[in-house]
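Taking it in order: structure first as structure tokens, then the write-up.
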Amino acid sequence: KTAAETAILGDILLNFGLSGFSNMAAAAVTNPIDVLKVKLQLDKTNNSMMQRVTNLVRDEGAAGLFTRGLPASLMREGVYGTIRLGAYDQIKSQLDHVGIPALSEGSALGKVVAAGTAGGGGGAAR
């Protein structure tokens, strides 16, 4: 491999790695909100939302908001998010090299095609 090829491969790997890390970090930060949402959807009492949240924290502990479901969320984002976000820039770049002006990297259609392809690829991996 040439130095240029090695540099490009390094950039691609860095892009995918940072994509996965950012998606997993976001999943970890928002996990308590997801846990609360699901618990509130399943709670059939007529209590106010604050009463239900207070009861949930009292019964299951505050740590349960951060740990319940977290491994599944991290795994999902580690696979789906890494592929989806990491592939987006690569697909946009490849569309620009095709030579069709409507699909160039700066065009709205090119961005939609790149996002749809990256999302589909990530969804297939899920």
Legend entry - Potential extension, Ala62-Val113 segment - 0.36 nm per residue separation minus Cα distance: 14.1 nm
Inset, instruction - Assign one of three labels to the range 61-126, namely rounded, prolate or oblate, based on the Cα gyration tensor with a ≥ b ≥ c the square roots of its eigenvalues; rounded applies when a/c is under 1.5, prolate when it is not and a/b is larger than b/c, and oblate otherwise. - result: prolate
Legend entry - Of Lys37, Lys92, Lys111, the one that fluctuates the most in a GNM where the chain has Cα springs shorter than 10 Å: Lys37
Legend entry - Residue-span extension gain [Thr6 to Thr45] - 0.36 nm each, minus C-alpha spacing: 8.1 nm
Inset, instruction - Roll a 1.4 angstrom probe over the protein heavy atoms and tell me the percent of accessible area of the range 10-126 that is carbon or sulfur. - result: 66
Legend entry - Derived scalar couplings ³J(HN,Hα) [the range 43-57; Karplus, 6.51 cos²θ - 1.76 cosθ + 1.60; whole Hz; x for Gly, Pro]: 7, 9, 6, 9, 5, 5, 4, 5, 5, 5, 5, 4, 4, 4, 5
Legend entry - Kirkwood hydrodynamic radius (C-alpha pairs) into Stokes-Einstein, the chain, 4 °C and 1.567 mPa s, D in µm²/s: 75
Inset, instruction - Mind putting a number on the dipole of the chain about its Cα centre? Charges go on the C-beta only, +1 for Lys and Arg and -1 for Asp and Glu, and I need it in Debye to the nearest 20. - result: 480
Inset, instruction - Return the aspartates and glutamates within reach of Lys1: Cα separation strictly under 19 angstrom, same-chain partners fewer than 8 residues apart disregarded; answer none if there are no such residues. - result: Asp11
Legend entry - Fraction of the pair-distance distribution of the range 32-102 above 14 Å, Cα-Cα pairs, percent: 70
Inset, instruction - Compute the separation of the alpha-carbon centres of the range 1-46 and the range 79-126 and state it in Å as a whole number. - result: 18
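The values are calculated or read from the model by the stated rules, or taken from the named source; none is laboratory data. As the structure is a computational prediction, the values presented were derived from the model and not from experiment. Here Cβ is always computed from backbone atoms with ideal geometry, including for glycine, and neighbour counts include all displayed protein chains. Ligands, DNA and RNA are excluded from the accessible area calculation, which covers all protein heavy atoms including side chains. Shrake-Rupley method; radii C 1.70, N 1.55, O 1.52, S 1.80 Å.
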